[in-house]
Amino acid sequence: MGLGINGYTSPAARKITGGYDLPEGVDIQGRYDDEFAKILTKDALLFVAELQREFRNHIKYAMECRKEAKMRYNRGGLPGFDPATRYVREGEWTCAAVPPAVADRRVEITGPVERKMIINALNSGAKVFMADFEDALSPSWENLMRGQVNLKDAVDGTISFHDQARNRVYKLNDQTAKLFVRPRGWHLPEAHIFIDALSFGREARIWNNVFEKAERMAGIERGSIRATVLIETLPAVFQMDEILYELRDHSVGLNCGRWDYIFSYVKTFQAHPDRLLPDRVQVGMSQHFMRSYSDLLIRTCHRHGVHAMGGMAAQIPIRDDPGANEAAMELVKKDKLREVRAGHDGTWSAHPGLIPPIMEVFTNNMGNSPHQIHTMKREDASTITEEDLLQIPRGVRTMEGLRLNTRVGIQYLAAWLTGTGSVPLYNLMEDAATAEISRVQNWQWLKYGVELDGDGFGVKVNLDLFGRVVEEEMARIEKEVGKEKFKKGMYKEARKIFTRQCTTPTLDDFLTLDAYNHIVIHRPKGSSRL
Ligand SMILES: CC(=O)SCCNC(=O)CCNC(=O)[C@H](O)C(C)(C)COP(=O)(O)OP(=O)(O)OC[C@H]1O[C@@H](n2cnc3c(N)ncnc32)[C@H](O)[C@@H]1OP(=O)(O)O
Ligand SMILES: O=CC(=O)O
Ligand SMILES: [Mg+2]
């Protein structure tokens, strides 16, 4: 999170501004709401402010290091293992023991922090619910703060929701999933509360220091805070031991964030025209670089005594077509079977309807054991090399690939701009990570004028072609969603943002950084209880 906090004053000097009771130096420019004020209490703001004051410079430095690494890759460098930390990779050490309460994580459901979905997810039968403030959320002030209110009610066990249209009341079951929370990354600053806002091993050290300070401030035992780190950038795969080492007292494993990982492959190699990706649909876990990433992650986690979590299959239930639904479920099961046989200890589900089949696959293969940490060491993966992890994915590039990227990118962005961070599109789950792949792939193909040779057309991608594709795909979207929804929605704005990002000479770091400016709403200065 990024809070803009300047200087510290004693509790006596705290003041009430615009409804929120603010410590000196803290300013909130998001709308006031009585419910939000119960979250943004003076004590809570002081807690965050103190963390921010202590760590902001470390975080800034970490972000500078990311920029330096980007410049190195743009000059032709490749990410790889760091010789200076060989002793960490080769050393014999383990992380703190897995807490019994979260030993069994065979199926974790993820989802945005909407009230009804939180209740559904906690009741879903999954072992864990990962409440997502990142890829599945459009981070408007309203969404963020409502999400915090909802989570507090969930933790208190009082959360309920009345669906008036269906006259249905949602409440928690007696048995619920364990609640995990994913905050958004340090690269996405918050614009409503003022906080300014390396190597990944070093970033992990900052997180570890944040956890330790937070534990001390909250008066809870060291190691009470536990984190699963998603390995979802290409450079991070070379630093998995280092990340676990830094977090060894606070870790409960690593997760294959496969969609952002693919996005990161393109981003890392944005200046390497010899490493262009085939169509997005062809970059799956069977590609050598993806399989190597998953295998090495399992070996690394199990060597250090923590969970190796799998990733998200994109398929979701298809209600109106039993044949297509069956095929989608088979794909999910196949993906999960690969994960459990490879040694993963659990995995993610995007939808409650996927939990029974995924649970069955993991249970059939793991039996009563909560995990495979001690039984699937994957020593064979110790031979995985930098070349394995960087191998260029195989496949073809097609006109349909370009069209689909465009259609999906624009529709996702249109949803995001209106407050929805994960959507079903063409029977797949789309969120910020999957949309990023569509965007950067279009950018890459345009930048290097690739030939779309996979469907026999043999045309080169250029601005003219892309302009026509955007035009035609907008017409198709209008037909698919209907004139009324198209007119009321944010499709035109989404088209503008997406087109600019695909055609810009220098790749934007994130789709949502630019789009964020369109959803920030600052209350007028000095206003109260708007
Ligand atoms: C790359 C990554 O980072 S993955 C992690 C981030 N992404 C996610 O978490 C995506 C989570 N999934 C979702 O948001 C949704 O499943 C979508 C958008 C893909 C599909 O949503 P919908 O089209 O609404 O699904 P559908 O209509 O089939 O939902 C049926 C019911 O299941 C609920 N549901 C669907 N997905 C979820 C979920 N992930 N968590 C909780 N409840 C859910 C719906 O709320 C609905 O409940 P209801 O019957 O009580 O009204
Ligand atoms: O966050 C998960 C991903 O796949 O990206
Ligand atoms: Mg991600």
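The values are calculated or read from the model by the stated rules, or taken from the named source; none is laboratory data. Just so it is clear, the structure is predicted and the values come from calculations on it, not from any experiment. Cβ coordinates were reconstructed from backbone atoms using ideal geometry, including for glycine residues, and neighbour counts include every protein chain displayed. Just the protein is used for accessible areas: all its heavy atoms, side chains included, with ligands, DNA and RNA removed. Shrake-Rupley method; radii C 1.70, N 1.55, O 1.52, S 1.80 Å.
Below is a table of values for the structure above.
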{"item": "Hydrodynamic radius by Kirkwood, which averages 1/r over all alpha carbon pairs of segment 214-307, in angstrom", "result": "14.8 Å"}
{"item": "Pairs of alpha carbons in segment 373-530 whose separation is greater than 24 Å (percent)", "result": "46 percent"}
{"item": "Reduced Cα scattering model of segment 51-185, Debye log10 I(q)/I(0), q = 0.11, 0.16, 0.18, 0.22 Å⁻¹", "result": "-0.65, -1.00, -1.08, -1.25"}
{"item": "Estimated distance in nm for a label pair at HIS522 and ARG403, the labels positioned 7 Å out from Cα along Cα-to-Cβ", "result": "4.4 nm"}
{"item": "Coarse-grained scattering of segment 231-385 at q = 0.11, 0.12, 0.14, 0.17 Å⁻¹, given as base-10 log I(q)/I(0) from a Debye sum over alpha-carbon atoms", "result": "-0.46, -0.55, -0.73, -1.03"}
{"item": "Residues with amide H under 5 Å from that of ALA103, placed H, sequence gap 5 or more", "result": "none"}
{"item": "Distance from segment 340-416 to segment 97-168 (C-alpha centre basis), Å", "result": "22 Å"}
{"item": "Surface/4 of the Cα convex hull for segment 354-394, nm²", "result": "5.0 nm²"}
{"item": "Alpha-carbon Rg with Dmax, taken over segment 120-169, Å", "result": "12.3, 31"}
{"item": "Carbon + sulfur, % of accessible area of the chain - ligands and nucleic acids excluded, 1.4 Å", "result": "53 percent"}
{"item": "Radius of gyration and maximum dimension Dmax of segment 437-530, Cα, Å", "result": "17.4, 62"}
{"item": "For segment 415-477, accessible area per residue (1.4 Å probe, heavy atoms of protein chains only), Å²", "result": "39 Å²"}
{"item": "All-pairs Cα distance distribution in the chain, expressed in whole percent, bin size 10 Å", "result": "3, 17, 29, 29, 17, 5, 0, 0"}
{"item": "Surface/4 of the Cα convex hull for segment 183-243, nm²", "result": "5.2 nm²"}
{"item": "Per-residue [θ]222 nm for the chain (sum of -39500 (n - 2.57) over DSSP H runs n ≥ 4, rounded to 500)", "result": "-14500 deg cm²/dmol"}
{"item": "Rel. contact order, % - alpha carbon contacts under 8 angstrom, at least six apart, segment 18-102", "result": "20 percent"}
{"item": "Whole-number D in µm² s⁻¹ for segment 329-461, Kirkwood Cα-pair radius fed into Stokes-Einstein, 20 °C, 1.002 mPa s", "result": "119 µm²/s"}
{"item": "Average accessible area per residue (Å²) across segment 203-266 - probe 1.4 Å, nucleic acids and ligands excluded", "result": "32 Å²"}
{"item": "Those residues of segment 390-420 whose amide nitrogen sits under 12 Å from the label point placed on PHE457, 7 Å along Cα→Cβ", "result": "397-406"}
{"item": "Projected label distance in nm at VAL169 and ASN365, using a 7 Å step from Cα toward the beta-carbon", "result": "4.2 nm"}
{"item": "Amide H contacts of GLU430 (H built 1.01 Å from N, under 5 Å, at least 5 apart or other chain)", "result": "VAL423, LEU425"}
{"item": "Kirkwood Rh, Cα atoms: Rg over Rh of segment 253-327", "result": "1.07"}
